[in-house]
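Student: Below is a structure I'd like to ask you about.
The values are calculated or read from the model by the stated rules, or taken from the named source; none is laboratory data. Just so it is clear, the structure is predicted and the values come from calculations on it, not from any experiment. Cβ: placed from backbone, ideal geometry, glycine included. Neighbour counts: every protein chain shown. Just so you know, the surface numbers come from the protein's heavy atoms only, side chains and all, with ligands and any DNA or RNA stripped out. Shrake-Rupley method; radii C 1.70, N 1.55, O 1.52, S 1.80 Å.
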Amino acid sequence: MQSRSQSASKPSALRHLVVVLGDQLDLEAAAFDGFDSTHDAVWMAEVDEESTHVWSSKQRIALFLSGMRHFAQALEEAGRPVHYHRLGGADPTSLAGRLQADLQTLKPQQVVLTEPGDWRVLSELRAVIEAAGLSLEVRADRHFFTTVAGFAAYAKARKSLRLEYFYRELRQKHAILMDGDQPAGGQWNFDADNREAFGPEGPGRVPPRATFEPDALTREVINLVNTRFADHPGTLDSFAWPVTRAQALQALQRFVDERLTLFGRYEDALWPGEPWLYHSHLSAALNLKLLTAREVVQAAEQAYRAGRAPLHSVEGFIRQILGWREYVRGIYWTQMPGYAERNALDAQQDLPAWFWTGQTDMACLRDAITQTLEQGYAHHIQRLMVTGLYALLLGVKPQQVHEWYLSVYVDAVEWVELPNTLGMSQYGDGGLMASKPYVATGKYIQRMGGPCKSCRYDPGLREGERACPYTTLYWDFLMRHESLLAKNARMALQVKNVARLSDAQRQAVMMRAEAIRSGAVGAGA
Ligand SMILES: Cc1cc2nc3c(=O)[nH]c(=O)nc-3n(C[C@H](O)[C@H](O)[C@H](O)COP(=O)(O)OP(=O)(O)OC[C@H]3O[C@@H](n4cnc5c(N)ncnc54)[C@H](O)[C@@H]3O)c2cc1C
Ligand code: SF4
């Protein structure tokens, strides 16, 4: 492939080289503070390694490349000189390698970068910049409400880190959903109103999600991905994600106008063949910085204040962004690099190969994985309580689970993906993030609207040929970790139930779990 530098007459003496990564597509980012087009230039590069260090899905690669190419256009329109490398044949295949080569020719006085979203990228870039004898200025990412240092100070002052109090402090500090010094509606948390499933008739007509027809630049990227990354997971037939700020703003408006009202009520609900439901689908736009967290939170609060959306929905939505999103970022940057290696439950099983194809006879997993590969998207409960739960109960090595999540979702950037996967979903950090492992039987999936009716397994059965693998593995999980879980007060009831099993019942569960682990159960559509 051809390598191209979309550039910019080179300034005679380059002052700042502003490095912009694929998830930093914001003209107002801190790295541009004081940018002077006569002295400074922007550097961006497409490199194979960012799509291959984990086996990235075609949807994820296409979104990042299209977003980057559109952003380079926006930079040029704003008169900012850009050195932009398109994917090419013999070029260095890593970001660090590409930058190293360019530092020799561009010879900037200093490199400037907004805080990246990935520890690996920061350490590799830092190493080549230092090796070139240059200084690197890393500027705080204003996109977030909190700073990494602020989170570290918060964490230091506490014995255990839990979301709730962190979130309340941020609500107060930033005056979000506050009436004076009290939370709007007199309550901090409306979770109890936000756990409904659809009735037997299902969700009915759900407003269609905002889609964006690929333009010429995106079509070019789609062709590139289909040829250069042909063997990568997923398809691009339905690619319709927002790739520019203008499109992301339209997607936000559509969410607030059409889905926010029912977001809270059906936040945890599942329904077969309905991937989008009342979720916002804004995570990728947020993570690529096409939208700011502040404007999304403000748009939701304004809808409440104007009487256009109920408080429980708006609070539930804001909690995800102001709460969880900020919280997981703090966990990531205060715990890395050791965090990625943690495996508190000593899980050693391999991820089933069908996670990469969706070819399993478990209807809920087939639904969630097929949709993930086709769209690069699954909503939170599918990630946590369908794919994540299965991997946790099966005992898959958290690092393999982490690689899968980082590969397949369009919104996957390590700072947000890793704590959610390793911490929240797999309990790999031993309870730093979640106060207990999120474990349940197939009955939970059935209750929340999963496709159990059309599945060959029965969620109510623990043993035997028709036993739902989730249900068998749930009991097996409790048995395998009985002594560890007995120390956790929040698991007391579940541990008590497992203690009631007879030896014969235990034996039957273990044998069936072994068959599932060996691959004799679950594979094949
Ligand atoms: C195993 C696992 C892996 C995940 N990996 C990612 C990931 O790579 N990237 C990612 O952005 N989110 C991840 N999440 C969190 C969450 O599932 C997604 O943010 C959400 O499903 C995206 O869809 P949405 O935009 O429609 O979200 P909505 O349901 O509409 O929620 C609104 C917004 O809140 C934020 N949000 C919601 N939950 C979380 C959370 N737990 N952590 C951080 N932000 C949250 C997102 O920005 C999201 O756009 C993961 C969750 C799990 C359980
Ligand atoms: S029966 Fe079990 S495997 Fe089948 S859809 Fe329900 S929860 Fe999933």
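Student: Could I have the simple spin-label model distance between S238 and K436, label points 7 Å from Cα toward Cβ, reported in nm to one decimal?
Tutor: With each label point 7 Å from Cα toward Cβ, the separation is 3.6 nm.
Student: Taking the Cα centroid of segment 46-85 and of segment 492-525, what is the distance between the two, rounded to the nearest whole Å?
Tutor: Their Cα centres are 46 Å away from one another.
Student: Taking K453 as the anchor, which lysines have their alpha carbon closer than 28 Å to its alpha carbon, excluding any fewer than eight residues away along the same chain?
Tutor: Once the sequence-local lysines are set aside, what remains near K453 is K443.
Student: Here's something else I'd like to know. Find the relative contact order for segment 461-525 and round it to a whole percent, using C-alpha pairs within less than 8 Å whose residues are 6+ positions apart.
Tutor: Once divided by the residue count of segment 461-525, the mean separation gives 37 percent.
Student: Next up: If I take every Cα pair under 8 Å that is 6 or more residues apart in the chain, average their sequence separation and divide by the length, what percent do I get for the relative contact order?
Tutor: Over the chain, the number comes to 16 percent.
Student: To continue, here is another question. Can you work out the accessible area per residue across the chain, with the rest of the protein chains kept in place, probe 1.4 Å, in square angstrom?
Tutor: 40 Å²
Student: Here is a follow-up. So for the chain: antiparallel DSSP bridges make up what percent, rounded to the nearest 5? Kindly include the intermediate steps, with their values, before the conclusion.
Tutor: Details: 4 of 22 bridges.
Close to 20 percent.
Student: Consider all pairwise Cα distances in segment 332-465 and report the whole-number % of them above 25 Å.
Tutor: Tail of P(r) above 25 Å: 23 percent of Cα pairs.
Student: Separate question: R168 label point, 7 Å along Cα→Cβ, cut-off 11 Å on backbone N: hits in segment 186-210?
Tutor: In segment 186-210, the label zone of R168 (backbone N under 11 Å from the point 7 Å along Cα→Cβ) covers 187-189.
Student: Given points 7 Å out from each Cα along the Cα-Cβ axis, report the Q73 to R305 separation in nanometres with one decimal.
Tutor: Taking the two extended label points, one gets 3.5 nm.
Student: Ignoring ligands, DNA and RNA, how do T441, T235, T93, T114 rank by accessible area with a 1.4 Å probe, largest first?
Tutor: In descending accessible area the options line up as T93, T235, T441, T114.
Student: Using helices alone, I'd like the mean residue ellipticity at 222 nm for the chain: each DSSP H run of four-plus residues gives -39500 (n - 2.57), total over residue count, nearest 500.
Tutor: Details: 22 runs with 218 residues, N = 525.
Here the helix-only value at 222 nm equals -12000 deg cm²/dmol.
Student: Continuing with the same structure: Please state the relative contact order of segment 258-375 as a whole percent: Cα pairs under 8 Å, 6+ residues apart?
Tutor: Once divided by the residue count of segment 258-375, the mean separation gives 26 percent.
Student: Rounded to a whole number, what is D in µm²/s for segment 29-111 from Stokes-Einstein with the Kirkwood radius over alpha-carbon pairs (4 °C, 1.567 mPa s)?
Tutor: Result for D is 92 µm²/s.
Student: A further question follows. Assuming 0.36 nm per residue, please report the length gained on full extension of the stretch D179 to A504 beyond their Cα-Cα distance.
Tutor: 111.1 nm
Student: Tally up the carbon and sulfur contribution to the accessible surface of the chain as a whole percent, 1.4 Å probe, everything protein left in place.
Tutor: Ligands and nucleic acids excluded, carbon and sulfur give 50 percent.
Student: Report the Cα centroid-to-centroid distance between segment 333-382 and segment 433-486 in angstrom, as an integer.
Tutor: Each part reduced to its Cα centre gives a spacing of 16 Å.
Student: Another question, if that's okay. From the C-alpha gyration tensor of segment 437-503, pull out the three semi-axes of the equivalent ellipsoid (sqrt of 5λ each), sorted largest to smallest, in whole Å.
Tutor: On the way: eigenvalues 111, 38, 13 Å².
Listed largest to smallest, the semi-axes of segment 437-503 are 24, 14, 8 Å.
Student: Given a 1.4 Å probe and heavy atoms of the protein chains only, how would you sort R308, R209, R500, R171, largest accessible area at the top?
Tutor: Working: R308 125, R209 35, R500 165, R171 0 Å².
Sorted by accessible area, descending: R500, R308, R209, R171.
Student: Let me ask something else. Please determine, in degrees from 0 to 90 and to the nearest 10, the orientation of helix 119-131 with respect to the longest principal axis defined by the Cα atoms of the chain, where the helix direction is its Cα long axis.
Tutor: On a 0 to 90 degree scale, this one is about 30.
Student: Can you give me the orientation-averaged projected area of the convex hull built on the Cα atoms of the chain, in nm²?
Tutor: The orientation-averaged projected area of the Cα hull of the chain comes to 25.0 nm².
Student: Looking only at GluC sites (Glu not before Pro) in DSSP loops with at most 13 other Cβ atoms within 10 Å, what is the longest site-free stretch of the chain?
Tutor: Numbers: sites that count: E28, E201, E465.
No qualifying site falls inside 202-464, the longest such stretch.
Student: Percent of Cα-Cα pairs per 5 Å bin, from 0 to the last occupied bin, for segment 184-298, please list those.
Tutor: Cα pair-distance distribution for segment 184-298, in percent: 2, 9, 16, 17, 18, 15, 11, 6, 3, 1, 0, 0.
Student: Using the eigenvalues of the Cα gyration tensor, what equivalent ellipsoid semi-axes result for segment 253-336 when each is taken as the square root of five times the eigenvalue, whole Å, largest first?
Tutor: The three semi-axes for segment 253-336 are 22, 16, 12 Å.
Student: By the gyration tensor of its Cα atoms, with a ≥ b ≥ c the square roots of the eigenvalues, what is the shape of segment 1-144: rounded for a/c under 1.5, prolate for a/b over b/c, or oblate?
Tutor: It is rounded, given that a/c, with a ≥ b ≥ c, falls under 1.5.
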